[in-house]
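Remarks on the structure that follows.
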Amino acid sequence: MTQLSININKFATLRNARGGNNPDILKVAKDCQRFGAQGITVHPRPDQRHIRYNDVFEIKPFIITEFNIEGYPSRSFIDMVLKVQPHQVTLVPDPPDALTSNKGWDTIKNEKFLQEIISEFKKNNIRTSVFIETDLDLFEPAVRTGTDRVELYTEEYAVEFDKKNLSVINKFFQAATLAKNLGLKINAGHDLNLRNLKYFVQQIPFISEVSIGHALVCDALYFGLENTIQMYLRELTGIKV
Ligand code: PXP
């Protein structure tokens with residue numbers, strides 16, 4: 001089954017809006033796991049407007065599932081990840097002021113850059129994933145970076161799905177199939193939600209992990225966190241990897 005990793009950044013955004021410690025991010029991370037999440041994702045940004053570096057250190061000892069840290073590989077990010085030793089690091093090319101991730105890596109231009117960083121993580125036994133779009137030319141260079149996985153950037157899928165343009169899945173299927181044939185494992189994320197998740201994983205059943213934040217937190221406002229996580233898991237259940 002495709003694993004559900006919950007991106008808990010939005011909980012930190014809510015906490016930061018008031019100062020103080022409500023909601024308690026450590027409790028959120030523990031509860032997400034207790035309610036069935038198979039992983040926790042955090043995306044500390046340089047301005048620390050959501051999850052902060054110190055949250056990442058605090059959460060780590062309580063992760064009993066998979067810990068995934070996303071971010072732009074600045075020196076301070078790399079050093080933090082090497083200290084925290086998560087199971088997986090997902091590299092994204094966001095500029096520091098990006099509201100949210102808004103593009104995948106140009107693996108052709110950044111092959112050497114990524115290769116050097118990835119080798120540092122690999123030496124430290126941290127699995128790597130590279131955020132990527134569906135252009136097929138990006139995948140062979142991605143393999144040469146040495147990454148274990150790619151994360152397909154699914155915003156376009158989500159937008160087209162809502163317009164009922166289901167054929168958008170074809171480019172994701174082709175990219176995922178190529179990645180798989182090249183020996184990469186595939187994650188996916190961005191704008192996945194209760195409407196579009198099932199179709200995505202039904203059509204591409206060999207997705208290892210989806211990372212979901214914004215929509216899941218919005219749904220939790222209506223349905224509660226435990227119910228919401230169960231609802232997302234139900235969308236993923238029964239689909240064999
Ligand atoms: N994957 C990456 C690389 C991201 O940057 C984000 C957002 O931080 C997500 C997945 C999750 O996207 P969403 O919050 O839309 O579910």
What number of residues in the stretch 67-83 are within 14 Å of the ligand (Cβ to nearest atom), in a strand (DSSP E or B) and not polar (S, T, N, Q)?
3
G183 versus (1) of a type in the set (G, A, S); (2) more than 14 Å from the ligand (Cβ to nearest atom); (3) touching a residue at least 60 places away in the same chain (Cβ under 8 Å): which is the lone unmet condition?
(3)
Hey, can you tell me all the residues within the stretch 32-57 that are within 15 Å of the ligand (Cβ to nearest atom) and among the hydroxyl-bearing types (S, T, Y)?
T41
Please specify each residue of the stretch 1-27 satisfying the condition of being crowded, with 23+ Cβ neighbours inside 10 Å and either basic (K, R) or touching a Leu at 6+ places or on another chain (Cβ under 9 Å) (or both).
T2, L4, I6, N7
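Looking at D162, is it modelled with pLDDT under 95 and either in contact with a Phe, Trp or Tyr (Cβ under 6 Å, 6 or more places away or on another chain) or within 16 Å of the ligand (Cβ to nearest atom) (or both)?
no
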If we ask which residues in the stretch 190-241 are within 13 Å of the ligand (Cβ to nearest atom) and on the phi > 0 side of the Ramachandran plot, their number turns out to be 2
Before we move on, is A29 touching a residue at least 40 places away in the same chain (Cβ under 8 Å), part of a helix (DSSP H, G or I), among the small types (G, A, S) and within 16 Å of the ligand (Cβ to nearest atom)?
no
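The values are calculated or read from the model by the stated rules, or taken from the named source; none is laboratory data. This structure is a prediction, so every number in the text was calculated from the model and none was measured. Heads up, the Cβs are rebuilt from the backbone with ideal geometry, glycines too, and the neighbour counts pull from every protein chain shown.
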